[in-house]
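Quick notes on the structure that follows.
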Amino acid sequence: MALLHPPLLREAHEYDGQREVAIACTQLGAAYTATRARRIVDEWIALLAQPTPLRELQFTTRTPKRLFAAVADQPQLLRLSVKWGDYSDLTSLETLTNLQELSLRGASAVSDLRTLAALQRLEVLSIEGFRTIEDPSPLGKLTGLRELELGGAWMTPRNGHISTVAFLRELPNVETLLLHTLVVDDLDYEPLLHLPKLRSVRVMKVRGMRPSHEELQRRIPWSE
């Protein structure tokens, strides 16, 4: 995901109308009492409830559910990146119809992707750290996607599971595909062969996958 490197802000009063910011308002350390830490999150939620000129927003520390939900009031956002958090309900994203890039990392509680079908302007999507996605078909609605990353957690041996990648047949514009620490439960990886613009792909080797890992490497542009 080709995000910028905006200024890192800890407290809401530091925001001064910038169009791009990174927020690090949790995991503040022992210098902050629990009351003060809670107040800092509350102040960011209050700020995000108002119109702002924000175009890119990054959450670089743990993102609690209530802070994640606050992005619903920023429909002008073009880029949103979440490092990790306990959020599971993605409905707060359905108002962000201008989003072009979305990164949901450490998304261990995410399993329902239906909301994402509303984000028709998405070109870059990363969902990482999830455990199981039973119905990935909403991703097939995102026909403008150029870059797609799906997977379990990089930092643990736990693989993510997704029922099928049949939705890839509906994504003719995908150029970069990364399926890391990910098992496709039906073992059918053949839809990868039907991406006409694919330039770079990396897929985890899975026992019994069809076509085999070696055949996929021969037939599509592999990235090491």
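The values are calculated or read from the model by the stated rules, or taken from the named source; none is laboratory data. Keep in mind that what you see is a predicted model, and the values were worked out from it rather than measured. Using ideal geometry, Cβ is built from the backbone for each residue, glycine included, and neighbour counts are taken over all protein chains shown. These accessible areas exclude ligands, DNA and RNA; they are computed on the full protein's heavy atoms, side chains included. Shrake-Rupley method; radii C 1.70, N 1.55, O 1.52, S 1.80 Å.
Overview of results
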read-out: Eligible lysines near Lys141 by straight Cα distance, threshold 19 Å, same-chain separation 8 or greater; value: Lys197
read-out: Potential lengthening between Ala72 and Gln18 on full extension [0.36 nm per residue; Cα-Cα distance subtracted]; value: 17.6 nm
read-out: Potential lengthening between Glu134 and Leu8 on full extension [0.36 nm per residue; Cα-Cα distance subtracted]; value: 41.8 nm
read-out: Pairwise FRET efficiency - Ala31 versus Ser163, Cβ, R0 = 41 Å, nearest 0.05; value: 0.35
read-out: Gained length - Thr91 relative to Gln217, 0.36 nm times residue gap less alpha-carbon distance; value: 41.7 nm
read-out: Cα centre as origin, Lys/Arg/Asp/Glu Cβ charges: the chain dipole, Debye; value: 320
read-out: Reference-scaled alpha-carbon Rg (2.2 N^0.38 Å with N residues) for region 25-162; value: 1.06
read-out: Nonlocal amide H pairs with Ala107, under 5 Å, H built at 1.01 Å; value: Glu128, Gly129, Phe130
read-out: With every protein chain in place, region 89-190: carbon and sulfur % of accessible area (1.4 Å); value: 49
read-out: Alpha-carbon Debye profile of region 88-224, log10 I(q)/I(0) at 0.15, 0.21 Å⁻¹; value: -0.67, -1.37
read-out: Crossing angle, helix 34-48 versus the chain [Cα axis fit, 0-90 degrees, rounded to tens]; value: 70
read-out: Electrostatic dipole magnitude of region 26-116 [Cβ: Lys, Arg +1; Asp, Glu -1; Cα centre; debye, to 20]; value: 300
read-out: Heavy-atom surface of the chain, accessible at 1.4 Å and reported per residue (Å²); value: 47
read-out: Ellipticity estimate at 222 nm from DSSP helix runs (n ≥ 4, -39,500 (n - 2.57)) divided over the chain, nearest 500; value: -3500 deg cm²/dmol
read-out: For region 43-95, size of Cβ-based charge dipole, Lys and Arg +1, Asp and Glu -1, in debye; value: 160
read-out: Nonlocal amide H pairs with Val183, under 5 Å, H built at 1.01 Å; value: Gly160, His161, Ile162
read-out: Average projection area in nm² (convex hull over Cα atoms of region 135-204, one quarter of hull surface); value: 4.3
